[in-house]
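Here the structure is laid out as structure tokens; the discussion comes afterwards.
Just so it is clear, none of the values below were taken in a lab; they were calculated from the coordinates. Please read these numbers as outputs of a predicted model, since none were measured by experiment. For neighbour counting, all protein chains shown are included, and Cβ atoms are generated from backbone atoms with ideal geometry for every residue, glycine included.
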Amino acid sequence: MAFQEKATVLGCPVNYQLAPEAKRYTLRDNGFTETNGRNYQLIRPLEATPQSKEGFKLKITVDQDIKTLKMSITTANGLKSVNIFKDDSHKMLQDKFYFLMDGFISRGLFVKVD
């Protein structure tokens, strides 16, 4: 998956892009860590209990220039993308995803785009 200016997870109707005021320290303050390739990555579990090693994970990667990003929801091992929006059986996971993204928006990291 390539970096893009606008990104969303598989099946989600909402697109997100980095806020113009987002900086390196904004990423670090929100839990992103710097990778070996100097990009910034966040991996968050979407399950009810964060200590569980099973379930789905939200992965967001921001390029080193803080201009483009890519995001996905993966299986617990991180190898396969999952669509939690295909039906209502994952309603709690959808709500948690939107809650996390709304938190990032309120902290000036992302903005919703059409």
Query raised in the report: Given charges of +1 on the Cβ of Lys and Arg and -1 on the Cβ of Asp and Glu, with all other atoms neutral, how large is the dipole of the chain about its Cα centre, in debye to the nearest 20?
Result: 240
Report summary line: Longest principal axis of the chain (C-alpha) makes with the long axis of helix 91-106 (C-alpha) an angle, in degrees to the nearest 10, of 20
Query - Förster radius 25 Å - calculated FRET efficiency between Lys23 and Tyr98 (Cβ-Cβ, nearest 0.05) - result: 0.55
Query - Net charge dipole size for region 1-66 [Lys, Arg +1 and Asp, Glu -1 on Cβ; Debye, nearest 20] - result: 120
Query raised in the report: Which one of Leu109, Thr35, Ser72 has its Cα pushed farthest toward the positive end of the charge dipole of the chain, where Lys and Arg give +1 and Asp and Glu give -1 at the Cβ?
Result: Thr35
